[in-house]
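Structure first, then comments.
The values are calculated or read from the model by the stated rules, or taken from the named source; none is laboratory data. This is a predicted model, so every value here is computed, not measured. Ideal geometry is used to build each Cβ from the backbone, glycine not excepted, and the neighbour counts take in all protein chains shown.
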Amino acid sequence: MDTNVIFEGLTRRGGASGFIIEAWLAGLFHPYVSNALAYEYADVLSRKLSDKRWKDIKPVLGALLSKAEFTVVYFSWRPSSPDPADEHLIDCAMNAGAVIVTSNKKDFKNAQSSLGLSVMEPLDFIMQLTK
């Protein structure tokens, strides 16, 4: 899960990203997270939210991460994205053999074509889950 999906899912009611958070907590899919990605989730949320809101959301993030499989990044495919901040997400997905779910597919086009990386938008991921 890209950080934009986590942020939206934890801070806005409803929508595809919110359903993804609920499905994750319910164990309806098997998420993969690297250490770098987990740190990014916490960093972005702690910086962009008020102290009170972060304090309320922090336990939910902890619950999400407790249900994730931590992926060791043995190999890196850098550079694969025009946004260097997305490289660790690509590394995690490639090492786990996982799909990236993001609201920003354009930064992953190169990795899709050169590495065969699978990328979905949140709504597409929800539709896949319901099948």
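Go through (1) farther than 21 Å from residue 95 by Cα; (2) free of Cβ contacts under 8 Å to residues at least 60 places away in the same chain for residue 28 and report which single condition fails.
For residue 28, the failing item is (2).
Kindly indicate which of 52, 67, 48 is without any contact (Cβ under 8 Å) to a residue 40 or more places away in the chain and among the basic types (Lys, Arg). Write out each step before concluding.
Values: 67 fails: without any contact (Cβ under 8 Å) to a residue 40 or more places away in the chain; 48 fails: without any contact (Cβ under 8 Å) to a residue 40 or more places away in the chain.
Only one candidate qualifies: 52.
Given (1) more than 17 Å from residue 96 (Cα to Cα); (2) in contact with a helix residue (DSSP H, G or I) (Cβ under 9 Å, 6 or more places away or on another chain); (3) of a type in the set (Lys, Arg); (4) modelled with pLDDT of 95 or more, where does residue 12 come up short, assuming only one miss?
Of everything listed in (1) more than 17 Å from residue 96 (Cα to Cα); (2) in contact with a helix residue (DSSP H, G or I) (Cβ under 9 Å, 6 or more places away or on another chain); (3) of a type in the set (Lys, Arg); (4) modelled with pLDDT of 95 or more, residue 12 misses just condition (4).
Taking the range 13-22, which residues are among the small types (Gly, Ala, Ser) and either under 17 Å from residue 57 (Cα atoms) or in a loop (DSSP other than H, G, I, E, B) (or both)?
Applying the first criterion (among the small types (Gly, Ala, Ser)) to the range 13-22 yields 14-18.
Those that are among the small types (Gly, Ala, Ser) and either under 17 Å from residue 57 (Cα atoms) or in a loop (DSSP other than H, G, I, E, B) (or both): 14, 17, 18.
Pairs, please: C-beta under 9 Å, at least 6 apart or cross-chain, first residue over 16 Å from residue 116 (Cβ atoms) and in the range 71-84, second part of a loop (DSSP other than H, G, I, E, B)?
Partner pairs satisfying both residue conditions: 71/34; 71/98; 72/34; 73/34; 83/104; 84/78.
Name the residues in the range 70-114 that are within 21 Å of residue 7 (Cβ to Cβ), in contact with a strand residue (DSSP E or B) (Cβ under 8 Å, 6 or more places away or on another chain) and not hydrophobic (A, V, I, L, M, F, W, C), would you?
Of everything in the range 70-114, those that are within 21 Å of residue 7 (Cβ to Cβ), in contact with a strand residue (DSSP E or B) (Cβ under 8 Å, 6 or more places away or on another chain) and not hydrophobic (A, V, I, L, M, F, W, C) turn out to be 71, 102, 105.
Would you confirm whether or not the range 60-75 contains a residue that is closer than 30 Å to residue 131 by Cβ, small (Gly, Ala, Ser) and at pLDDT below 95?
So far as the range 60-75 goes, no, none of its residues is closer than 30 Å to residue 131 by Cβ, small (Gly, Ala, Ser) and at pLDDT below 95.
I need the full set of residues from the range 7-30 which are of a type in the set (Gly, Ala, Ser), more than 13 Å from residue 45 (Cβ to Cβ) and under 14 Å from the mean Cα position of the chain (by Cα), in order please.
Taking the range 7-30 and keeping what is of a type in the set (Gly, Ala, Ser), we get 9, 14-18, 23, 26-27.
From what is left, the residues that are more than 13 Å from residue 45 (Cβ to Cβ) are 14-18, 23, 26-27.
Within the range 7-30, 16, 17, 18, 23 meet the criteria.
Taking the range 55-64, which residues are among the small types (Gly, Ala, Ser) and free of Cβ contacts under 8 Å to residues at least 12 places away in the same chain? Please lay out each step first, then the result.
Applying the first criterion (among the small types (Gly, Ala, Ser)) to the range 55-64 yields 62-63.
Within the range 55-64, 62 is the sole residue that qualifies.
What about residue 21, is it farther than 27 Å from residue 113 by Cβ and either surrounded by 18 or more Cβ atoms within 10 Å (Cβ to Cβ) or touching a Leu at 6+ places or on another chain (Cβ under 6 Å) (or both)?
Values: farther than 27 Å from residue 113 by Cβ: yes; either surrounded by 18 or more Cβ atoms within 10 Å (Cβ to Cβ) or touching a Leu at 6+ places or on another chain (Cβ under 6 Å) (or both): yes.
Yes.
What single numbered condition from (1) in contact (Cβ under 8 Å) with a residue 12 or more places away in the chain; (2) over 18 Å from residue 99 (Cβ atoms); (3) not β-branched (Val, Ile, Thr) fails to hold for residue 2?
Tallying (1) in contact (Cβ under 8 Å) with a residue 12 or more places away in the chain; (2) over 18 Å from residue 99 (Cβ atoms); (3) not β-branched (Val, Ile, Thr), residue 2 fails exactly one: (2).
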